[in-house]
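Okay, so here's the structure we're looking at.
The values are calculated or read from the model by the stated rules, or taken from the named source; none is laboratory data. Computed from a prediction, not measured in an experiment: that's the story for all the values here. Counting neighbours? That spans all protein chains shown, and the Cβs are built from the backbone with ideal geometry, glycine included. Side chains are part of the model used for accessible areas, which takes the heavy atoms of the whole protein and leaves out ligands, DNA and RNA. Shrake-Rupley method; radii C 1.70, N 1.55, O 1.52, S 1.80 Å.
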Amino acid sequence: MHSTRRRHRWKLVVGLVLLLMALTTLPTSAWAEPGVPQPTPMHDAHPHPDAHPHPDPHPDADAHPDPDPLAGLALPDLALPDLATNPGSVLGELASGGRASGPALAPGAPAAAGGPPSEPLLPALANPRMFHGLAFDTCMTPSLDTMRRWQSSKYGAVGVYYGGRGRACPHQPRLGHRWMKGVQRLGWRVLPVYVGSQSPCVVAGPKKAYRIGRHAWRQGVQEGRDAVRRARAVGIRPGSPLYLDMEAYKYRQKKCARTTLTFVRGWDRQVRGKGYLPGFYSSADSGVAHMRAAARAGARDLPSVIWFARWHTRPRLTGEPVLRGSAWSTRRRIHQYAGNVKERHGGRTLVIDRNLVHAPVARIR
């Protein structure tokens, strides 16, 4: 009798082991909730040539991107957690010390299971210089005398087109270290703008001559390096923001969106790696909408500050439809609310764009 019981127990144990082994070999879909569609693996039958750019002739530690399935980015408006409040997310709140809030993972550490890739938003900056108020930008750098006269205006900061091959005013005879020191002594804050290569589907005709080439990541890295070099040449210290100007483009075109985002990410990583803060300027309904979709999809190497253009509206940093519930807080936003307007102050007239700012500004040495 005891022998029969032992045989029954042994058969039961063997049966349970075989059942567990069978269950562990089932596909993931077998555990899915009935009626709920499950994600399918993404296979790119035609990899984009930018996925593996040619070696950089001037290699940097960050010269090549990590493998990233988001490089193609079809970009639906995914129902992911709001990255503005998700600690350790791609874009967290800007803490008072200039760092992203939430726990930052060590380099190479895995992201939390089920969440977007985790990346510290800001480099280890000591006290980024902030400005909250009105600013103007103009194509040609004004003289120091004009800047002194414009102290009577409502503006406290100025956008300066200090570099980039796509500038409408490429020759800036007044701009240099002396000018930067001079406007700083006058009490002005500076927003450095770099107008580099433009999206392949850029809307403005004159900008089509500066479209991003075949190797978008490498080009982004090279122009990021140039942006840093030119910033240093005019006295802009590390810890400062550098704003990449990307004029309006048709971001819903998938191939164009992929190329543009790859370039921006390469530029951002290079600038951030050199100790500067990458910013991004574009129209709210094109480039900014694109960056917002990329953030919601969990893309890495995104801009730290957003400068969105929406004209013919009142200046506001909150309530922008494209940035509703966005990863970029009001301490990382600039709203360009009017453009190509004439203003006269102190007897000097300029054609300017008007901006409301709550964001980092340059540190001038």
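Within region 133-175, being out of contact with any Ser or Thr (no Cβ under 9 Å at 6 or more places or on another chain) and either small (Gly, Ala, Ser) or in a strand (DSSP E or B) (or both) holds for GLY133, ALA135, ASP137, SER143, SER152, SER153, GLY156, ALA157, GLY163, ALA168.
The residues in region 279-324 that are aliphatic (A, V, I, L, M) and part of a helix (DSSP H, G or I) can be counted, and the count is 9.
Restricting to region 184-217, count the residues that are surrounded by fewer than 22 Cβ atoms within 10 Å (Cβ to Cβ) and outside any strand (DSSP E or B). Of the residues in region 184-217, 17 are surrounded by fewer than 22 Cβ atoms within 10 Å (Cβ to Cβ) and outside any strand (DSSP E or B). Scanning region 331-348 for residues that are open to solvent by 40 Å² or more (accessible area, probe 1.4 Å), assigned to a strand (DSSP E or B) and under 24 Å from SER282 (Cβ atoms) yields a single hit, ASN340. Does GLY239 satisfy the criteria of being of a type in the set (Gly, Ala, Ser), surrounded by fewer than 22 Cβ atoms within 10 Å (Cβ to Cβ) and in contact with a strand residue (DSSP E or B) (Cβ under 9 Å, 6 or more places away or on another chain)? Against the criterion (of a type in the set (Gly, Ala, Ser), surrounded by fewer than 22 Cβ atoms within 10 Å (Cβ to Cβ) and in contact with a strand residue (DSSP E or B) (Cβ under 9 Å, 6 or more places away or on another chain)), GLY239 qualifies.
Here VAL351 passes the criteria (1) surrounded by 16 or more Cβ atoms within 10 Å (Cβ to Cβ); (2) touching a strand residue (DSSP E or B) at 6+ places or on another chain (Cβ under 6 Å) except the one numbered (1). Within region 305-316, how many residues are over 12 Å from ALA284 (Cβ atoms) and open to solvent by less than 40 Å² (accessible area, probe 1.4 Å)? Residues flagged as over 12 Å from ALA284 (Cβ atoms) and open to solvent by less than 40 Å² (accessible area, probe 1.4 Å) within region 305-316 amount to 1.
Among the residues of region 266-300, those that are closer than 28 Å to ARG354 by Cα, open to solvent by 10 Å² or more (accessible area, probe 1.4 Å) and not polar (S, T, N, Q) comprise ARG272, TYR281, ASP285, ALA289, ARG292, ALA293.
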